[in-house]
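Since the structure comes first, as structure tokens, the remarks are kept for the end.
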Amino acid sequence: MISSNSNNKIIHILDKIIFSCLILYSLTFLLDIKINFLTTAFAFGIIKLIFIRPKFHINSSIFYIIFLFIICTSLSIFFNDITSISNNNFSAFKSRFISPLIGIFIILLFNFEKKHIIALLSCFSFSLLINAIFIIYQFSQGLSGRLVGLASGYMLLCAMNILILPIIFSLALYKSSLSNKLRLFYLITILINIPAIIFENTRIVWIVLSITYFIIILVSLKNKKLILPLLATVVLCCSIFFQNSPQSFDRLTSITNLSYQNQSNYERLLMWQSATNMFIEHPLFGVGVGNYHEQYITNYRSPYSREDQWHPHNVPLAMFSETGLIGGTSYVFLFVYLYYSAISTYLKTKSISSFAYLMCLLAYSINCLTDSMFCGHNIKSSTTFFWLFTGFYLISNKYVIISYNKKDLSK
């Protein structure tokens, strides 16, 4: 029989281990390492449940909607008319839809407070800052192309920039209780990342951050006279960086080029048409999760296509083509609910956390129109991060409150 004091010590140690794992995760998320510290933190959180039973006060329907989304998308495995059920279908569904949910369920296993969330955001920012400095160094050494610094891949870096930078920029500009030093640190991270992002040559990141940064500046700055000079300064600086990077300038001018010669843009148009045709011919349950690539190659690939793709580079089309009207509608409903929650919370409370999350959500949603960043093939990290920041939003706005029985845990 474990005594109350021993029980409390064990819980205290487990909490330290969990938070340490989360800190390590926030410092290493860009690197290609074998240990997944978020999964490790989640495992210790499960162990913690042996010693304590927290009470959850959930003031949101989000978990019901997530459950609905999982059920609706999973139906495509059983009812699609393409192929019989295989282990590959279950494996793909688990990897793309289930495993990333660790990001949101971790909030139920650790009593996150504001200081914990700020510490993690600061570590994420530090990682992006160091990586941005390294990218600038790579550019100064004459390297070109899709510069990624220390990151394991440009798609991962693309997702992390889009998810993290709008949050810390909101925190840096919006009047809040954060210290001036911390806000300055976030602002420095944003400024250093401007040339780094240009040299990364990912066009959707340029588009997304231009939109979200403009909204953040417009809403956050109370002195409206500063908006125009600030925007003009940012545009001028970006112009200088583009002029000094011919490849980046060529990528910028190619954004609206839809000709056959621009393979990246033209190929997306072909993929989107193929995915649309796939949905039209399999409207109710789609072709099934895990079956997209085979169907694309054998039945739906355009004769003009020059690429072998595993997804249509568009999340709504990916959802409707793979999971049909049932799964695709549940995806749309999920994001409509998240927008409704974030907007209504901000209008009621004017909380910085709801505004920051709204900017993150907007950036992520736009990105999902040109890449399969949510529950996409072989891109699990971005989905996990999205759920993690959604969890932070729920905790920060008291949509999820965790309490402990005094008999189980002494103060």
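Taking residue 106 as the residue in question, decide whether it is in contact (Cβ under 8 Å) with a residue 12 or more places away in the chain, under 19 Å from residue 20 (Cβ atoms) and among the aliphatic types (A, V, I, L, M).
It is true that residue 106 is in contact (Cβ under 8 Å) with a residue 12 or more places away in the chain, under 19 Å from residue 20 (Cβ atoms) and among the aliphatic types (A, V, I, L, M).
Is at least one residue of the range 383-396 of a type outside the set (Lys, Arg), surrounded by fewer than 15 Cβ atoms within 10 Å (Cβ to Cβ) and in a helix (DSSP H, G or I)?
For the range 383-396, residues of a type outside the set (Lys, Arg), surrounded by fewer than 15 Cβ atoms within 10 Å (Cβ to Cβ) and in a helix (DSSP H, G or I): absent.
Of the conditions (1) of a type in the set (Lys, Arg); (2) assigned to a helix (DSSP H, G or I); (3) within 22 Å of residue 30 (Cα to Cα), residue 181 fails just one. Which one is it?
Every condition holds for residue 181 apart from (3).
If I go through the range 134-173 residue by residue, how many of them are over 15 Å from residue 194 (Cβ atoms), over 11 Å from the mean Cα position of the chain (by Cα), part of a helix (DSSP H, G or I) and in contact (Cβ under 8 Å) with a residue 24 or more places away in the chain?
6
Which of the residues spanning the range 244-276 are assigned to a helix (DSSP H, G or I) and more than 28 Å from the chain's Cα centre (by Cα)?
Passing the criteria: only 246.
For the structure I just gave you, tell me whether residue 21 is modelled with pLDDT of 85 or more, in contact with a Ser or Thr (Cβ under 8 Å, 6 or more places away or on another chain), more than 30 Å from residue 281 (Cα to Cα) and not in a strand (DSSP E or B).
So residue 21 passes the test.
I'd like the residue in the range 349-378 that is at pLDDT 90 or above and small (Gly, Ala, Ser) and, out of all such residues, is farthest from residue 100 (Cα to Cα).
Step by step, filter the range 349-378, then rank; the result is 351.
If you go through the range 336-361 one residue at a time, how many are surrounded by fewer than 19 Cβ atoms within 10 Å (Cβ to Cβ) and part of a helix (DSSP H, G or I)?
Counting residues in the range 336-361 that are surrounded by fewer than 19 Cβ atoms within 10 Å (Cβ to Cβ) and part of a helix (DSSP H, G or I) gives 9.
What about residue 10, is it part of a loop (DSSP other than H, G, I, E, B) and of a type in the set (A, V, I, L, M)?
No; evaluated as a whole, the condition is false for this residue.
Tell me yes or no: at least one residue of the range 197-220 is exposed (fewer than 13 other Cβ atoms within 10 Å of the Cβ) and charged (D, E, K, R).
no
Quickly run through the range 41-74 and pick out the residues that are within 20 Å of the chain's Cα centre (by Cα) and more than 21 Å from residue 8 (Cβ to Cβ).
42, 62, 63, 65, 66, 67, 69, 70, 73
Which of the residues spanning the range 167-183 are within 18 Å of residue 342 (Cα to Cα) and aliphatic (A, V, I, L, M)?
167, 168, 171
List pairs: first in the range 186-210 and at negative phi, second in a helix (DSSP H, G or I) and among the charged types (D, E, K, R), Cβ under 8 Å, 6+ apart or cross-chain?
Short answer, once both residue conditions are applied: 203/251.
Could you tell me which of the residues 285, 279, 241 is surrounded by 15 or more Cβ atoms within 10 Å (Cβ to Cβ) and outside any helix (DSSP H, G or I)?
285
The values are calculated or read from the model by the stated rules, or taken from the named source; none is laboratory data. This is a predicted model, so every value here is computed, not measured. Reconstructed Cβ throughout: ideal geometry from the backbone, glycine too, with neighbour counts over all protein chains shown.
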